[in-house]
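The values are calculated or read from the model by the stated rules, or taken from the named source; none is laboratory data. Everything numeric here is computed off the predicted structure, so don't read it as measured data. Cβ atoms come from the backbone with ideal geometry, glycine included; neighbour counts cover every protein chain shown. Just so you know, the surface numbers come from the protein's heavy atoms only, side chains and all, with ligands and any DNA or RNA stripped out. Shrake-Rupley method; radii C 1.70, N 1.55, O 1.52, S 1.80 Å.
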Amino acid sequence: SPHRPTTTPRRRATTPAMAGPPLPPRPTGKARGPPDAPVTLEVFLDFVCPFSKRAFETLVNEVEPALRGKVRLVFHQQIQPWHPQSTVVHEAALAVHKLAGDDPFYQYAAKVFAAQTDFFDLNIIDKTRHDMHKDLAAMADGICSKDKMLQMLAVKPNPDDPAALNTGNDVTLELKWCVKLARHRGVHVSPT
């Protein structure tokens, strides 16, 4: 038999494992307008971004009324790390959505954007996360239960498990899904 050189088998390249949570099992956008509308506008907005506020108000107050029945708006929450309070504000909106659904989410979003400067850096510098949650829950009056909202936003300690000191609250997974979806779709800033 002919002499065959021995070689080490080549290792195949593997696809890197995705870090963090999987992609969301359902759409994370909050939809408004007919599902069969000929035009769907998907927007990625941050509640603490002045440009997102302008985009939201233009879409809701001008575009939707002008194209009534012909446009569907899908609001994707875009958490921006250079606004550290953005996470807290988006947590509150996710809680409203979980408690009340898409249409009440839009009512709440309008209230949050109207009070946007209350959540700018200098206005929240001495507030804790819990203080901000209380302020944001007060804005949900008439939209959903403030008490249930605060329960959802409370950090869930587990004194029996020291490793569970950083587990978040009842909307943490949805918040991660919002971030993951935006990254997956190539969105890094708002408004997009």
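Tabulated values for the structure
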quantity: For Asp135, net neighbour charge (Lys/Arg +1, Asp/Glu -1) across residues whose Cβ lies under 13 Å away; calculated: 0
quantity: For the stretch 65-192, average projected area of the Cα convex hull in nm²; calculated: 9.6
quantity: Exposure rank, largest accessible area first [Val43, Val189, Val179; 1.4 Å]; calculated: Val189, Val179, Val43
quantity: Unit charges at the beta carbon, dipole of the chain: most positive-side option, Pro38, Phe51, Asn158; calculated: Pro38
quantity: Protein accessible area in the chain, 1.4 Å probe - carbon and sulfur %; calculated: 56
quantity: Gyration tensor (Cα) of the stretch 127-192, equivalent ellipsoid semi-axes in angstrom; calculated: 24, 21, 10
quantity: Heavy-atom accessible area ranking, 1.4 Å probe, most first, across Trp177, Trp82; calculated: Trp82, Trp177
quantity: Cα-centre dipole for the chain with unit charges at Cβ (Lys and Arg positive, Asp and Glu negative), debye to 20; calculated: 1160
quantity: Per-residue SASA entry for Leu165, accessible area with 1.4 Å probe, Å² rounded to 10; calculated: 140
quantity: Length-normalised contact order of the chain in % [C-alpha pairs under 8 Å, at least 6 apart]; calculated: 29
quantity: Compactness index (Cα Rg / 2.2 N^0.38 Å), the stretch 31-113; calculated: 1.08
quantity: Accessible surface, the chain, averaged per residue in Å² (probe 1.4 Å); calculated: 61
